Amino acid sequence: MSERTLYEYAIVRVVPRVERDEFINVGVALYCRKHRYAQVKVYINEAKCRSLDPDIDLELIMKHLDSFQRICTGDKRGGKLATLEQAERFRWLTAKRSTIIQCSVVHPGLCVSAEKTHQELFEKLVL
């Protein structure tokens with residue numbers, strides 16, 4: 001039997017009009033120190049986003065989410081933040097903020113496979 005290990009995740013949300021506090025789940029960020037895993041899975045449902053704001057700039061949101069993913073994975077194209085240690089990148093990305101891209105609070109869990117758990121959470125919470 002494989003050993004279960006601690007992981008942390010946050011739901012990535014698009015908040016088209018921050019003042020209304022309405023959001024659409026568009027991704028899941030997951031970090032597992034033991035597995036050296038830090039990834040963000042993203043999917044934008046255009047119809048749902050437009051139902052909250054018909055004038056939403058989805059191209060701009062995708063650019064921000066691409067940057068979010070680069071920072072999380074440590075891709076050099078993510079800029080200076082992408083050079084931080086894995087845990088620091090995850091903490092920076094999931095910090096509370098009032099912008100069009102926000103994260104839920106960070107939730108802990110136990111997993112055998114960070115990658116498999118990440119996919120399961122993504123399917124359950126986003127798709």
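The values are calculated or read from the model by the stated rules, or taken from the named source; none is laboratory data. Please read these numbers as outputs of a predicted model, since none were measured by experiment. No Cβ is skipped: glycine too gets one built from the backbone with ideal geometry, and neighbour counts run over all protein chains shown.
For region 64-97, give me each residue that is more than 14 Å from the chain's Cα centre (by Cα), within 19 Å of Lys41 (Cβ to Cβ) and of a type in the set (D, E, K, R). Answer for region 64-97, where residues must be more than 14 Å from the chain's Cα centre (by Cα), within 19 Å of Lys41 (Cβ to Cβ) and of a type in the set (D, E, K, R): Asp75, Arg77.
Pairing each residue of region 79-105 that is surrounded by 12 or more Cβ atoms within 10 Å (Cβ to Cβ) and at pLDDT below 95 with any residue that is among the β-branched types (Val, Ile, Thr) and not in a helix (DSSP H, G or I), provided the two are 6+ apart or on different chains, yields C-beta distances under 6 Å for Ile100/Val15. Restricting attention to region 21-40, does a residue exist that is at pLDDT 95 or above, surrounded by 19 or more Cβ atoms within 10 Å (Cβ to Cβ), under 16 Å from Tyr9 (Cβ atoms) and among the charged types (D, E, K, R)? No, region 21-40 contains no residue that is at pLDDT 95 or above, surrounded by 19 or more Cβ atoms within 10 Å (Cβ to Cβ), under 16 Å from Tyr9 (Cβ atoms) and among the charged types (D, E, K, R).
Filtered by the rule that a residue be among the aliphatic types (A, V, I, L, M), assigned to a helix (DSSP H, G or I) and closer than 20 Å to Val106 by Cα, region 60-96 gives Leu65, Ile71, Leu81, Ala82, Ala87, Leu93.
Let's see how each residue does on (1) among the charged types (D, E, K, R); (2) more than 17 Å from Arg36 (Cβ to Cβ):
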site	(1), (2)
Gly74	no, no
Ala82	no, no
Glu85	yes, no
Arg89	yes, no
Leu93	no, no
Ile101	no, yes
Pro108	no, yes
